[in-house]
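Participant: Mind having a look at this structure? Questions to follow.
The numbers here are math on the coordinates, done by the rules we state, and not lab data. All values derive from a computational prediction rather than experimental measurement. Reconstructed Cβ throughout: ideal geometry from the backbone, glycine too, with neighbour counts over all protein chains shown.
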Ligand code: AN0
Ligand code: CP
């Protein structure tokens, strides 16, 4: 595997899951593979889990790691070509990227949607510039439209906890005070659509995701109805995708906050969220603290998904 940005890059999910469970049994099995290889992680946005789990994954593989937070200590970067650089940005991404590539073997990039221009975000301009100009294999640590390391960890978690071969998985929008990207829900939908699970998406009208991510999923606007018989509830907020509303908040309706009322409709479902989560906006204290909440094992599986991805990228060097 050269680059890792979406579900197609991982190939067979069955093979990927087998590798994940192999790594989980012995996470240092491939510790020789990364000797004298350097991972560079570039963050344009904040992170707790991705930063820590990906660094841990690299250490499992014997790699060296360099982390750069672009907004803390690096030069401010211009991203547009053709700009007369007489403002506050001393360096252009088009020099910075190949320079970063000189010091490492693999690059991870976190670069969220900016919500200024939908086409710019959905073309994944920043991530693709890394792929084009770094001269190194690149993986997404959440880009504008997807968060594949998260979705892979989510899939591993569902496989570990499911009680039936093909569980019913429901992704529910929930309210949040700030506009959040569609990357996590897009990506989760993309991975769920690649399985044979029953997959349902529920959200208020106006929050439709891009059709290429919704795929064949059932969209149900009645949250309580969507939750009926569910085995897994995957909560997430996202801002609107459609037309002029792109990046906007259309609702902060706390009727959608996931609590005992909604969970009571399910087949004693497990509760999942990628974290960070705002309690009593997305989910009540009681639900996230309940025995059905698997948000911590879900986060723990980030180390496993990242180890599989880095292992494959090292094998392809
Ligand atoms: C980010 C998001 O919703 O995309 C990161 C989630 C992993 N969340 C926030 O910015 C709160
Ligand atoms: N779930 C996730 O990616 O968390 P961070 O934003 O803390 O990395």
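Participant: For residue 67 and residue 222, what is the calculated FRET efficiency with R₀ set at 41 Å and r taken between the beta-carbons, to the nearest 0.05?
Facilitator: On the way: r = 44 Å, r/R0 = 1.07.
Approximately 0.40, to the nearest 0.05.
Participant: Here's something else I'd like to know. With a 10 Å Cβ neighbour count serving as the proxy for reagent exposure, in which order, fewest first, do 295, 138, 15 appear? Working shown, then result.
Facilitator: Details: 295 19, 138 26, 15 11.
If I rank by nearby Cβ atoms, fewest first, I get 15, 295, 138.
Participant: Below 8 Å, C-alpha to C-alpha, sequence gap of six or more: please give me the relative contact order for the chain in percent.
Facilitator: Working: 620 pairs, mean separation 64.0, N = 317.
That works out to 20 percent.
Participant: In addition: Among 223, 72, 129, determine the one that fluctuates most according to a GNM of the chain built with springs between C-alpha atoms less than 10 Å apart.
Facilitator: In this elastic network of the chain, the residue with the biggest mean-square fluctuation among 223, 72, 129 is 72.
Participant: Distance in nm between label sites at residue 261 and residue 114, each 7 Å beyond Cα in the beta-carbon direction?
Facilitator: With each label point 7 Å from Cα toward Cβ, the separation is 4.1 nm.
Participant: May I ask you to give the average projected area over all directions of the convex hull of the Cα atoms of segment 1-152, in nm² rounded to one decimal? All intermediate terms of the calculation are to be shown ahead of the outcome.
Facilitator: Details: hull surface 38.3 nm².
Seen from a random direction, the Cα hull of segment 1-152 projects 9.6 nm² on average.
Participant: Expressed in whole Å with the largest first, what are the equivalent ellipsoid semi-axes of segment 19-80 derived from the C-alpha gyration tensor as the square root of 5 times each eigenvalue? It would help to have the intermediate numbers written out before the result.
Facilitator: Numbers: eigenvalues 159, 34, 14 Å².
After scaling each eigenvalue by five and taking roots: 28, 13, 9 Å.
Participant: To the nearest µm²/s, what D does Stokes-Einstein give for the chain at 25 °C and 0.890 mPa s, using the Kirkwood radius over alpha carbon pairs as Rh? Intermediate values should be presented prior to the final figure.
Facilitator: Numbers: Rh = 20.2 Å.
Answer, rounded: 122 µm²/s.
Participant: Considering every pair of different Cα atoms, what Kirkwood radius, in Å, is found for segment 239-317?
Facilitator: Working: mean 1/r = 0.0654 Å⁻¹.
The answer is 15.3 Å.
Participant: Let me have the 222 nm mean residue ellipticity of the chain computed from DSSP H runs of 4+ only, each contributing -39500 (n - 2.57), with the sum over all residues rounded to the nearest 500. Before the final figure, lay out each step's value.
Facilitator: Numbers: 13 runs with 116 residues, N = 317.
So the helix-based figure for the chain works out to -10500 deg cm²/dmol.
Participant: Follow-up question, since we're still on this one. Which of these, 194, 183, 235, has the largest mean-square fluctuation under a Gaussian network model of the chain (Cα springs below 10 Å)?
Facilitator: 194
Participant: How big is D for segment 152-299, in µm² s⁻¹ as a whole number, if Stokes-Einstein is applied with the Kirkwood radius of its Cα pairs at 20 °C and 1.002 mPa s? Spell out each step's value before the answer.
Facilitator: Values: Rh = 15.0 Å.
In µm²/s, the coefficient rounds to 142.
Participant: List 212, 298, 228 from most exposed to least, where exposure is judged by having the fewest other Cβ atoms within 10 Å. Show your work: numbers first, answer last.
Facilitator: Details: 212 11, 298 25, 228 14.
Exposure proxy ranking, most exposed first: 212, 228, 298.
Participant: Please report, for the Cα atoms of segment 179-243, the Rg to one decimal and the Dmax as a whole number; what are they, in angstrom?
Facilitator: Cα only, segment 179-243: 11.2, 33 Å (Rg, Dmax).
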